[in-house]
Amino acid sequence: MSRPDQPFALYEKIKKSVVKDIESGKLNPDDKVMSETKLAKSFNASRMTANRALKELTEEGRIVRIQGVGTFVARPKPDAALLEIKSIANEIADWGGVHSSKILVLEKERITSILAQKMNLKIDEPIFHSIIVHRDREVPVQYSERFINPKVAPHYLSQDFSKITPSDYLLQVAPVQQAEHIIEAVNCNSKIQKLLKIKQAEPCLSLKRRTWSYDMVATYSIIISPGSRYKLVGKFMRG
């Protein structure tokens, strides 16, 4: 085999070896995959070749690479309810994960003109604002930013959202009459990339949702998830 073909053969060999370990059960979902350095040494290859193999396996959804943590066997992507509003904690539990959350913002603010239009409120009226990162076994799977009309959930800021998710609480106190969803594929800004522990080029799913309760706009939410860790599935049944 000629020298130009050699790197190609090596990175394919590395890929096939990792896939074989996954399909045989030697490596299970969430198991750590050998590092670039160790793979390069094991296959007598360069780190660039090992990096290419791991990069392609990531793009194929076989593995997940978390900056500063390591490389892991990917789980089958969970199906997130699109038309149904469901707690992220329940979704994570349904796919066998362990939910935890990091609360970044939980405060009362004055509404801006853009938000006032979206929520049918007057400029400078008070609004509740929360930003929470939801995790599965400490791996971030969702960035959730919510703006809440205090009229429908006056005690929102006093809740312990490390024990109950905002969705669970809001469904209890403000039953949804109507919901609007806007879904886009996006590249996140650097702040959200850092919070989700993803690389700059990682595509994400953005779900913007408005809900109505008690004949008024109750919430406006921006929910962002890494494309490699999450997917949305919609199902509609006509009665």
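A short reminder: the numbers here are calculations on the coordinates, not readings from a lab. Keep in mind the model is a prediction, meaning the values are calculated, not measured. Cβ atoms come from the backbone with ideal geometry, glycine included; neighbour counts cover every protein chain shown.
Residues that are farther than 15 Å from Y143 by Cα, in a strand (DSSP E or B) and not aliphatic (A, V, I, L, M) within region 170-208 comprise Q178, E180, H181, listed in sequence order. Of the strands (runs of 3 or more DSSP E) lying entirely inside region 26-139, those containing at least 3 residues that are loosely packed, with under 15 Cβ neighbours inside 10 Å span 99-110.
Do you know which of the residues in region 103-156 that are of a type in the set (A, V, I, L, M, F, W, C) and free of Cβ contacts under 8 Å to residues at least 12 places away in the same chain is farthest from F72 (Cα to Cα)? That would be A116.
Screening T58, T112, T71 for residues that are more than 18 Å from the chain's Cα centre (by Cα) and of a type in the set (V, I, T) leaves exactly one candidate, T112. Y220 satisfies every condition listed in (1) crowded, with 19+ Cβ neighbours inside 10 Å; (2) on the phi > 0 side of the Ramachandran plot except (2). Among the residues of region 177-196, just one is surrounded by 14 or more Cβ atoms within 10 Å (Cβ to Cβ) and farther than 15 Å from S144 by Cα, namely A179.
Return yes when D168 is in contact (Cβ under 8 Å) with a residue 40 or more places away in the chain and surrounded by fewer than 20 Cβ atoms within 10 Å (Cβ to Cβ) and no when it is not. Criteria met by D168.
For (1) in contact (Cβ under 8 Å) with a residue 24 or more places away in the chain; (2) within 12 Å of the chain's Cα centre (by Cα), each residue gets a yes or a no:
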| residue | (1), (2) |
| --- | --- |
| S158 | no, no |
| S162 | yes, no |
| T211 | yes, no |
| Y214 | yes, no |
| I223 | yes, yes |
